[in-house]
Structure formats: C-alpha cells, structure tokens
Amino acid sequence: MDKTGIIVDIYDAAINIDIGKKGFAASGKEQEGRISYEDGLTKALCCFKKVQDSEDPYTIMLAEYTFISQELEICNELDKTTLRSLIKAVHSFNDAFLALKVVENAALYQGADKTHPHTKKHRIHGYPKDSFHIACISHKIRLKNTLRSPGIDHVEKALLKQRVANLSTAQKEYIEKQKKALGI
Amino acid sequence: MPQARTMSLDQKLSISNKALALWKDGDTDGYRRLMQKLPIPPYLAKIAKEKIGENVLAKGGWDLSETEAECGQDWHNR
C-alpha cells in the first residue's frame, strides 16, 4: 500500500475542509463552503478508512496529527478549554512519535521497559503503557467527548468514530512492535 | 521582494467544489489535477515538512505560494 499516497489524500481532504470552513465564514459563500466542507469530510472518511487498512501506526498517527493540527488552527481563540485540550493532544502526539522511533530499536526499548512500572496500571496487555498508548487513550476520550457534543451531523460523527477506530488499530499494531522489541 | 499572488477565497472554493464533484463522479485523476492547483495552507505545509518530509509535498504537488509568502522562499531549507 502506497503510504505517501494515503497521506496526500488526507492532506487533500484537509485542504478542502479548510476552504469550506473559510467559505462558511465569508458572507455569500456559505453554499460553496458547505460543499467543500461536507464533501471534504466525506473524502476524509474514505481516507481514514484506507489509513486504518494500512495497519501502520505511524501513518495512522500522522493522519490524526494532521487533523488535530487543523482543529487547533481553526479553533476559536476564545474557546480556551478546547484550545488547551488540542495543544495537549499535539504535545502528546509528539511524544508518541518519539516512542514510535524508540520501539524500532530493541536495545533502546528494552532499556525503556525497565523504567516503566510493571504494575497492571502501567501496562497494556503486559507491555509498557508508554507515550504512544497514553496519546491514543487520551485522544480517544477526547474524540468520544466530541461525539457527545450537540449539533454534530452524521458525516462528522462517522469521521469521529472512524478516527477512534483508527487509534485502536494503531495501538494493536504498536503492541506488535513492542512485542518484537522486547522479544516476548 | 515582489508579493506572491495569492488565490482568492472565491477561486479556491470554485476549484475545491469542482475537484470534489470529479471525485464523486469517480474521476480521481481529474480530482488530483485540480487539487494541485490549490495552495496548501501554511500550517499544513509546515506539518508535512516537519513530520513527513518534502517527498509528500512533492508528491502532493500543491501550490506552495502561501507558505512561501508567510515563511520565505527558502522555508523548506530551514
């Protein structure tokens, strides 16, 4: 599967959503804005399904990071709660990307494993509940909270649900990497 | 330095709407050709460069004029 191609598709969808949002905000452009926004979301949904099918944690996280960054960019600066939450998400995803690099190096990751408590609370299926898992878990909660917000249409809901599913897939595939790195 | 010519919101909406209509009709090549006429917003270009690398910007083929206007012509070298 062409992972760069998938990411290009994600960016195309993000560009259309960006244009759509600006169309909504501009007087007299609401109809064209709606087309770009809603069809952009529909395209994004298709892309996120392909991202899930890639079963590649890095591609999944990249796609999600792109959309978090877009949400941060277009967030109303007066909505301090959402701003704080999205900034936190960006930081935690940056930590997740670092974890993704370290897990590829068995010696490094075996060392890192020694620093993670071995109590159930700090493990996922016996593997370290590291920055990658923490980013996915926190963000899934964030997305599920957004799903409960009033006024979300069916395409927005479908995309949010797909994003949650993608993060679960990312964690499942990441555990395979942890397994390989730790030789368990 | 001459100011980069930026695309108006009207032009972007027109291209975006046409591109998405092609995609809905199953013309993915036509869709991509039109998407390459659109400027990628600077915040997306910066993420692409930082997290993925220039190959995605090359493959995407988007107009980089807005990013160059905001960050300078040599932004991708920094």
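Quote the charge dipole size of segment A:3-182 about the Cα centre in Debye, to the nearest 20; the model charges only the Cβ of Lys and Arg (+1) and of Asp and Glu (-1).
Once rounded to the nearest 20, the dipole reads 900 debye.
How high is the FRET efficiency from A:Ile141 to B:Gln73, r the C-beta distance, R0 30 Å, rounded to 0.05?
Rounded to the nearest 0.05, the efficiency is 0.10.
Please list, by residue number, everything in segment A:47-84 whose backbone N is under 12 Å from a paramagnetic label point 7 Å out along Cα→Cβ of A:His91.
Label zone hits: A:84.
Please give the charge dipole size of segment B:1-67, origin at the Cα centre, charges +1 on K and R Cβ atoms and -1 on D and E Cβ atoms. Round to the nearest 20 debye.
My answer is approximately 60 debye.
Along the positive direction of the dipole of segment A:3-182 (beta-carbon charges: Lys, Arg +1; Asp, Glu -1; about the Cα centre), which of A:Ile10, A:Asn105, A:Tyr37 reaches farthest?
Positive-most Cα among the choices belongs to A:Asn105.
Quick one: among B:Ala48, B:Ala21, B:Ala58, which has the greatest mean-square fluctuation in a GNM of chain B with alpha-carbon springs under 10 angstrom?
B:Ala58
GluC sites (Glu not before Pro), restricted to segment A:15-122: which are DSSP loop and have at most 13 other Cβ atoms within 10 Å?
When the GluC sites (Glu not before Pro) of segment A:15-122 are filtered for loop state and at most 13 Cβ neighbours within 10 Å, A:Glu77, A:Glu104 remain.
In debye, nearest 20: dipole of segment B:39-78 around its Cα centre with unit charges on the Cβ of K, R (+) and D, E (-)?
Around 220 debye, computed over segment B:39-78.
Less than 12 Å Cβ to Cβ from B:Ile52, Lys/Arg counted +1 and Asp/Glu -1: what total charge do the surrounding residues give?
Net of charged neighbours comes to +3.
Any chance you could run the full-extension gain for A:Lys120 through A:Glu176? It's 0.36 nm times the residue separation minus the Cα-Cα distance, nm to one decimal.
Gain on extension, A:Lys120 to A:Glu176, equals 18.3 nm.
Okay, helix-only estimate at 222 nm for chain B: each DSSP H run of n ≥ 4 adds -39500 (n - 2.57), divide by all residues, round to 500 deg cm²/dmol; what do you get?
-16000 deg cm²/dmol
Given a cut-off of under 8 Å on Cα pairs at least six residues apart, what relative contact order in percent is computed for chain A?
25
Give the residue from B:Leu20, A:Cys75, A:Leu167 lying farthest towards the positive end of the charge dipole for the protein assembly as shown; charges sit on Cβ (+1 for Lys and Arg, -1 for Asp and Glu) and the dipole is referred to the Cα centre.
Going by the Cα projections, it comes out as A:Leu167.
Picking from A:Ile87, A:Ile152, A:Ile137, which is most flexible by a Gaussian network model of chain A using Cα springs under 10 Å?
Result: A:Ile152 has the largest fluctuation of those listed.
Per residue of B:42-50, count partner chain C-beta atoms within 10 Å of its C-beta, then hand back the mean as an integer.
That works out to 4 on average.
Below 8 Å, C-alpha to C-alpha, sequence gap of six or more: please give me the relative contact order for chain B in percent.
Worked out over chain B, it gives 30 percent.
Please list the non-local residues whose amide H lies under 5 Å from the amide H of A:Arg123, H modeled 1.01 Å from N, same-chain partners needing a gap of 5 or more.
Amide H to amide H, under 5 Å and 5 or more residues apart or across chains, A:Arg123 pairs with A:Lys129.
From the C-alpha coordinates alone, can you work out the Kirkwood hydrodynamic radius of chain B, in Å?
The answer is 13.4 Å.
Which loop-located trypsin sites (Lys or Arg not before Pro) does segment B:1-69 contain, where loop means any DSSP state but H, G, I, E or B and the Cβ has at most 15 other Cβ atoms within 10 Å?
When the trypsin sites (Lys or Arg not before Pro) of segment B:1-69 are filtered for loop state and at most 15 Cβ neighbours within 10 Å, B:Arg5 remain.
Treat each spin label as a single point 7 Å out from the Cα along the C-beta direction, and report the A:Thr82 to A:His154 distance in nm.
Those two pseudo-labels are separated by 2.4 nm.
With no solvent and one point per C-alpha, what does the Debye sum give as log10 I(q)/I(0) for segment B:39-78 at q = 0.18, 0.19, 0.24, 0.35 Å⁻¹?
After summing over all Cα pairs, the log10 values are -0.39, -0.44, -0.72, -1.43.
Using Cα springs under 10 Å in a Gaussian network model of chain A, which residue among A:Lys43, A:Lys22, A:Lys114 shows the largest mean-square fluctuation?
Its mean-square fluctuation being the largest, the pick is A:Lys114.
Using Cα atoms only, what is the angle between the long axis of helix B:9-24 and the major principal axis of chain B, expressed in degrees (0 to 90) to the nearest 10?
Helix B:9-24 sits at roughly 50 degrees to that axis.
If you take each beta carbon of peptide A:69-82 and count the beta carbons of other chains within 10 angstrom, what is the mean?
1
Report relative contact order for segment B:39-78 in percent, whole number only (criteria: Cα-Cα under 8 Å, sequence separation at least 6).
It rounds to 49 percent for segment B:39-78.
Other chains' Cβ within 10 Å of A:58-66 residues: what's the mean?
Taking all residues of A:58-66 together, the mean is 2.
For B:Arg33 and B:Glu54, what is the calculated FRET efficiency with R₀ set at 30 Å and r taken between the beta-carbons, to the nearest 0.05?
0.90
Quick check: the angle from helix A:131-147's long axis to the longest principal axis of chain A, C-alpha only, nearest 10 degrees?
With rounding to tens, the tilt is 30 degrees.
For each pair in A:Lys50/A:Lys114; A:Lys22/B:Lys24; A:Lys21/B:Lys49, compute the distance between the two Cα atoms and list the pairs where it is over 31 Å.
Long pairs (Cα-Cα over 31 Å): A:Lys50/A:Lys114.
Rule-based calculations on the coordinates, nothing more; no lab input. Because the structure is predicted, anything quoted here is derived from the model rather than measured. Reconstructed Cβ throughout: ideal geometry from the backbone, glycine too, with neighbour counts over all protein chains shown.
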